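Below you'll find the structure, written out as structure tokens, and then a few comments.
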Amino acid sequence: MTSKTLPSRSIRTYRGVAAVALAATTALLAGCSSSDDSKSDPLSDSKASGDAVVVGSNNFAESILIADIYGEALKAKGVKVTYKSNIGSRETTYGLLKNGSISVLPEYNGALLAYLDPKATPKTVDETTKAIEAKLDSKLTLLNPADAQDKDTVTLNATTAAKYSLTEKSSIADLKSIAKDLVIGASPEFQTRQQGLVGLKSVYGLEFKSFKALDAGGPLTAAALKKNAVQAGDIFSTDPTITKEKFVVLQDTENLFGFENVQPLVYKSALNQTATDALNAVSAKLDTAALLDLDTQVQSDNKDPLDVAQAWLKKVGLSS
């Protein structure tokens, strides 16, 4: 990461904040997810009976979906699974992992590191993993990171992208000559953070026409982009609005926004090699484009996350 501060929004570091806006959605998702047939109290600190692997999720839609993917991938390899869905924020779930109440949790490497060591500034995904492992409780470990990331982006609306012939293969650096003509929108904090306007200027040489204070990748920013009130905005990379509105996400070639790879965090003694291999196989298949598509199916198309998880696993050859 290029910054010595926390990631540019609380939604990733303390993702429970985002759940306030998604409360109604996640409550419904939790009710129709895989936890239906193996439901347990998400805040219980009791360990699962027998040799079951307990798959937990934080209280937002994407975490619930990824937990379903993990759980169903494990089941496909004959592993007994129970779920503790829609638990809460990292402060809660990390404690449940440490005491063994949860065996597996979908995590985001950059946000987890910021929680464990806010001063860390890794430059690669491998460095991020090593920095996390240096601070993790000794009973926990990380499995392989996926290519999939849910992170801050600089995103253009379709009109602006077409006007300047920019595509999803274009870089943030390609805005250097045109940023002076663009209004960018994001959370108020984005204006003063390294992982925001400060870094966009120092790392990419961008100076925008003006800044509009909106929200952290939420509905205000998306609506302003759609209406062309802003031409660029900070939208999270797996937000279904990207697909729906044909927004164009620019490549962060200098890793200004750090790393937010999806990565399984596990209680070591709860997983055998079969379970470990099954989760690493998921990480090997899951990239940002796939996660965006899966999120869109759940959050925009209102599909059951369990059905979406099972269909994707079958599609990529991880279940029959």
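Worth a mention:
- Inclusion of THR192 among residues that are modelled with pLDDT under 95, β-branched (Val, Ile, Thr) and under 23 Å from GLY258 (Cα atoms) is warranted.
- The single condition from (1) under 16 Å from the mean Cα position of the chain (by Cα); (2) under 20 Å from LEU97 (Cα atoms); (3) of a type in the set (Asp, Glu) that ASP287 fails is (2).
- Unique residue being out of contact with any strand residue (DSSP E or B) (no Cβ under 8 Å at 6 or more places or on another chain) and closer than 26 Å to ASP277 by Cβ when the list is ALA52, ALA61, ALA76: ALA76
- Any hit, segment 236-244, residues being aliphatic (A, V, I, L, M) and modelled with pLDDT of 95 or more: yes
- Of the helices (runs of 4 or more DSSP H) lying entirely inside segment 102-202, those containing at least 2 residues that are more than 24 Å from SER89 (Cα to Cα) span 125-135, 158-163.
- Of the residues making up segment 250-284, just one is assigned to a strand (DSSP E or B) and more than 23 Å from LYS98 (Cβ to Cβ), namely GLN251.
- Single residue of segment 211-235 satisfying the filter (among the hydrophobic types (A, V, I, L, M, F, W, C) and under 18 Å from the mean Cα position of the chain (by Cα)) that is nearest to THR159 (Cα to Cα): ALA222
- Test: residue in segment 24-46 that is surrounded by 16 or more Cβ atoms within 10 Å (Cβ to Cβ), of a type outside the set (Ser, Thr, Tyr) and at pLDDT 50 or above: yes
- Residue check, ALA222 assigned to a helix (DSSP H, G or I) and either among the hydrophobic types (A, V, I, L, M, F, W, C) or in contact with a Ser or Thr (Cβ under 6 Å, 6 or more places away or on another chain) (or both): yes
- Considering segment 203-216, the residues that are touching a helix residue (DSSP H, G or I) at 6+ places or on another chain (Cβ under 7 Å) and assigned to a loop (DSSP other than H, G, I, E, B) include one that is modelled with the lowest pLDDT, namely ALA216.
- Cβ pairs under 6 Å, 6+ apart, first in segment 218-234 and at negative phi, second in a helix (DSSP H, G or I) and hydroxyl-bearing (Ser, Thr, Tyr): ALA222/THR241; GLN231/THR160; GLY233/THR221
- Close pairs (7 angstrom Cβ cut-off, 6 or more residues apart or separate chains): in the same structural domain as ALA67 (by TED's automatic domain parsing) in segment 295-310, in a helix (DSSP H, G or I) and charged (D, E, K, R) anywhere: ASP295/GLU62; SER300/LYS244; PRO305/ASP68; LEU306/ASP68; ALA309/ASP68; ALA309/GLU72; GLN310/GLU72
- Note on segment 123-140: among residues that are surrounded by fewer than 24 Cβ atoms within 10 Å (Cβ to Cβ) and of a type in the set (S, T, N, Q), the one that is modelled with the highest pLDDT is SER138.
- You will find that of LYS123, LYS139, LYS135, LYS119, the residue that is free of Cβ contacts under 8 Å to residues at least 60 places away in the same chain and basic (Lys, Arg) is LYS135 and no other.
- Test for PHE211: is it aromatic (Phe, Trp, Tyr) and surrounded by fewer than 19 Cβ atoms within 10 Å (Cβ to Cβ): yes
- Checked against the criterion of being outside the structural domain of LYS227 (by TED's automatic domain parsing), touching a helix residue (DSSP H, G or I) at 6+ places or on another chain (Cβ under 8 Å), at pLDDT 95 or above and surrounded by 14 or more Cβ atoms within 10 Å (Cβ to Cβ), the candidates LEU143, LEU166, LEU175, LEU200 yield just one match: LEU143.
- Segment 270-320 - residue that is of a type in the set (Ser, Thr, Tyr) and within 13 Å of ILE69 (Cα to Cα) and, of those, surrounded by the fewest Cβ atoms within 10 Å (Cβ to Cβ): SER319
- Residue in segment 236-249 that is touching a residue at least 60 places away in the same chain (Cβ under 8 Å), surrounded by 19 or more Cβ atoms within 10 Å (Cβ to Cβ) and more than 19 Å from the chain's Cα centre (by Cα) present: no
The values are calculated or read from the model by the stated rules, or taken from the named source; none is laboratory data. For clarity, every value in this text was computed on a predicted model and none was experimentally measured. Glycine gets a Cβ as well: all are built from the backbone with ideal geometry, and neighbour counts include every protein chain shown.
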